[in-house]
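Inspection log for the structure reproduced underneath, given as structure tokens.
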Amino acid sequence: MNLKNATALVTGGSSGIGYSIAKVLIEAGAQVAITGRDEKKLYKAAESLKAVAIRADVANEADVQRTYREVLQAFAHLDILVNNAGFGVFNKLVDMDRSSFDAVFATNVTGAMLMTREAAKHFIQRNTGNIVNICSTASLRGSANGTAYYASKFALRGMTECWRTELRQHNIRVFLINPSEVLTNFGTAAGFAQKENPTKLRGEDIAHMIKAVLEMDDRGFTPELTIFATNPKD
């Protein structure tokens, strides 16, 4: 697709990978709306990017409905949804509390479903569209302390495969993007420290790969893309 004058909605776009995706799409000529829960951070990011800001929680169905009303009011139509909003909780199974587990699934799984459900209605009507799910290499294998986060990414992978099968007949491309460790604020929010190292991936690395897969002619698409650092050092 040609990204010039395309329209995109990026959830969790105020920082990290989401911010980088929005920036790269805007630099390619797209019009972009970003969502986030932290109003101050959201509007600061939107001003920097020259993006449309929509304060919303993807796990809140009313917020999701309002998000699409605001997007369509701003752009008239939507070409790309990027499901980037997500977070992690990492505890041993014996220490996992129900509220933390449910919160991870509410955003990473239910939130992605709600956002994609509404986008799919619009894309089916237009007989075209692009859905980009930011997953993780956590969807490829299990790990100790990964009960909540890893399981949520396995679920996102499963939903992606269902949506891809269901929506291809409507010329809708569904992409799964699996970054390995990326230096963002994700680790801090999840309660673990990330060591700065020039060998580790940055958000812009993921963003440029998403731009590349989107720019392929609409006759084809890359169903899944996994991105590793070449030789990461701690």
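Bear in mind that the values in this text are calculations on the coordinates, not laboratory data. A quick note: this is a predicted structure, and the numbers were derived from the prediction, not measured. Virtual Cβ from ideal backbone geometry, glycine too; neighbours counted across all protein chains shown.
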Problem set entry | Across LYS50/LYS211; LYS50/LYS233; LYS153/LYS211, pairs whose alpha-carbon gap is larger than 28 Å | LYS50/LYS233
Problem set entry | Amide H contacts under 5 Å for ALA56, placed H, 5+ residues apart | GLY36, ARG37
Problem set entry | Size of charge dipole - the chain - debye, nearest 20, with Cβ of Lys, Arg +1 and Asp, Glu -1, no other charges | 120
Problem set entry | Likely footprinting exposure, CYS135, CYS162, fewest C-beta neighbours within 10 Å first | CYS162, CYS135
Problem set entry | Placed amide H near ILE227: partners under 5 Å, 5+ positions off or other chain | ASN178, SER180
For this session: Per DSSP H run of n ≥ 4, the term is -39500 (n - 2.57); total these for the chain, divide by its residue number, and report the mean residue ellipticity at 222 nm rounded to 500 deg cm²/dmol.
Result: -13500 deg cm²/dmol
